[in-house]
Amino acid sequence: MARHDPETGPKSGCVDCRHFFITQEPARPYGCRAMGFKSRELPCTVVLHSSGEPCLCREPRAASPESERR
C-alpha cells in the first residue's frame with residue numbers, strides 16, 4: 001500500500017505501480033488500469049484527494065529482465 005510521504009510525495013506510489021500507465025492524451029496523460037480512469041494528475045493523488053485515503057490498489061511492478069542485468 002502506498003503512503004503519502006511529505007518528502008517524496010504521492011508520486012512514488014504511482015510510478016512503480018503495475019497498474020500505472022502513460023496515455024496518449026495530452027489532456028489526461030496518466031492512468032490507472034486497476035481503477036479504470038485517466039487524469040491530469042497522478043492517479044494516487046486523485047485517489048488521496050477524493051477519498052482522503054492512500055490508494056489501496058497499488059502493486060509493485062515486477063522487475064524487468066533488463067533491470068536484473070544491471
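The values are calculated or read from the model by the stated rules, or taken from the named source; none is laboratory data. This one's a predicted model, so the numbers in the text were calculated from it and none came from an experiment. Note that we place each Cβ from the backbone using ideal geometry, even for glycine, and neighbour counts take in every protein chain shown. Note: accessible area is taken over every heavy atom of the protein model, side chains too, but ligands, DNA and RNA are not part of it. Shrake-Rupley method; radii C 1.70, N 1.55, O 1.52, S 1.80 Å.
Quick notes on this one:
- Among (1) open to solvent by less than 50 Å² (accessible area, probe 1.4 Å); (2) in a helix (DSSP H, G or I), the one test that Glu66 misses: (1)
- Count - residues of segment 27-53 that are assigned to a loop (DSSP other than H, G, I, E, B) and either within 10 Å of Cys14 (Cβ to Cβ) or open to solvent by 40 Å² or more (accessible area, probe 1.4 Å) (or both): 11
- Of all the criteria given as (1) modelled with pLDDT of 90 or more; (2) open to solvent by 60 Å² or more (accessible area, probe 1.4 Å); (3) more than 12 Å from the chain's Cα centre (by Cα), the one not satisfied by Thr23 is (2).
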